[in-house]
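One structure is given here, and the rest of the page talks about it.
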Amino acid sequence: MSGNFGIYGGRYVPEMLIGALDALAAEYKEAKVDIMFQDQLALYRRNYTGGPSPLVEATRLQEYLDGPRIFLKNEGNNHTGAHKINHCIGQALLAQRMGKKRLIAETGAGQHGVATATVAAKFGMQCTVYMGAVDIARQRPNVHRMQQLGAEVITVTSGSQTLKDAVNEALKDFMGSSDTTHYVIGSVLGPHPYPEMNRDFQSVIGKETRQQLLADYDISKPTALIACVGGGSNAIGLFSDYIAETDVKLIGIEAGGKGDKPGQHAKRINVVNAREGIFQGHKSRFLQTSFGNIADTHSIAAGLDYPGIGPELAYLASVGRITFDSAVDKAVLGAYHVLAITEGILPALESAHAVAYVIKHAQDFKKDDVIVIGLSGSGDKDMFTIARNQNDTLFKSFLLEEAARYA
């Protein structure tokens, strides 16, 4: 069995899941070299998800910052509004090959849940999505979208009631239903083959970036690629085509949250309470208490408050190939506003972490440097969080009026 990235990765699951994961790994190994499968995947990228996603030069943001050339790889333009649709299409096609009739998923920000519900509807499969009660409260529009797409959304009330707890419940379901069900893990996390498989499905982001820079802007390679990192599927998707080119800087931005104390952030690299551990089927770096339990996390962005990081990203950090930094909630809200008024793009709060880094560090780059920011998703899902943090009284009045109409 492969699936290791240095000391990270691997497969740590109950015996009852070994057969299902072996079958998935074998199926993916065949699909990876199956021209018909790859052609089908590419066709869906073009004609269903709307790829290639645009790469646009952020000229007004450049002027605002008086900094380097900045490009935005906007996965928020994809069908369902995020990069998640890339690996969901790939996994659904694999599930079809394996004769599975049902998809299950976990979700935090809701984008992965929406994408899973979307492909389930497209391919005529049943769908169940697990989502923490805290995340449901702050991402209600995505819950509505999943339900409209025919998915059953199950509220998870255990633990911190966020993403890690939703993963636990989805794993329990999978253990009892793997004969008929495929678990669509939503990032480059979990037991082998998920980290490698989802990286490959997301690698289209980096491949497109390379082609678009050359074809549209006559740029052979960027100076730096910058992306937010929760589990890390968008980041590794953007980075993967450039990992071997060490003259291209790879910068991952984690959730700095409200501060540096435990429970106030979701930084897994370069912090004292993050260390190697085994959790939810794989070995990686996790935020832990002094007793070795998984620690609480916080981020204004629901998709970044997972306590662990994808094992390949942890490995690339350990060998110095990826540099990690973080952005605090306040800076993220500011970056959301700046990108909106300069480029007419409302980024997901997850993506705004990468924008916040560029705003803070623009003067660290030369004017002719080329920076690509991975915009993992659209900010439509975050309207309630944004309005609340901006104390938008008109929006609040609108919500109260709408509530009254339902009464």
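Quick one: count up the residues across region 259-278 that are surrounded by 18 or more Cβ atoms within 10 Å (Cβ to Cβ) and either in contact (Cβ under 8 Å) with a residue 60 or more places away in the chain or in the same structural domain as G186 (by TED's automatic domain parsing) (or both).
1
Take the residues in region 225-258 that are surrounded by fewer than 22 Cβ atoms within 10 Å (Cβ to Cβ) and among the charged types (D, E, K, R); name whichever of them is farthest from the chain's Cα centre (by Cα).
Once the filter is applied, the top-ranked residue is D247.
Output the number of the condition that D296 fails; it satisfies all remaining conditions of (1) assigned to a loop (DSSP other than H, G, I, E, B); (2) surrounded by 24 or more Cβ atoms within 10 Å (Cβ to Cβ); (3) at pLDDT below 95.
(2)
Scan region 192-212 and tell me whether some residue there is among the hydrophobic types (A, V, I, L, M, F, W, C), surrounded by fewer than 24 Cβ atoms within 10 Å (Cβ to Cβ), in the same structural domain as L316 (by TED's automatic domain parsing) and in contact with a strand residue (DSSP E or B) (Cβ under 8 Å, 6 or more places away or on another chain).
no
Could you check region 306-354 and list, in sequence order, the residues that are farther than 15 Å from K381 by Cβ, surrounded by fewer than 24 Cβ atoms within 10 Å (Cβ to Cβ) and β-branched (V, I, T)?
V319, T323, V328, V338, I341, T342
Within the bounds of region 110-123, is there any residue that is modelled with pLDDT of 95 or more, surrounded by fewer than 21 Cβ atoms within 10 Å (Cβ to Cβ) and over 17 Å from M146 (Cα atoms)?
Checking region 110-123: not a single residue is modelled with pLDDT of 95 or more, surrounded by fewer than 21 Cβ atoms within 10 Å (Cβ to Cβ) and over 17 Å from M146 (Cα atoms).
Yes or no: F123 assigned by TED's automatic domain parsing to the domain that holds K172, over 19 Å from the mean Cα position of the chain (by Cα) and aromatic (F, W, Y)?
Considered against the rule, which asks whether it is assigned by TED's automatic domain parsing to the domain that holds K172, over 19 Å from the mean Cα position of the chain (by Cα) and aromatic (F, W, Y), F123 comes out as yes.
Would you check if G256 is of a type outside the set (F, W, Y) and at positive phi?
no
The values are calculated or read from the model by the stated rules, or taken from the named source; none is laboratory data. Everything quoted here is computed from the prediction, not taken from an experiment. Heads up, the Cβs are rebuilt from the backbone with ideal geometry, glycines too, and the neighbour counts pull from every protein chain shown.
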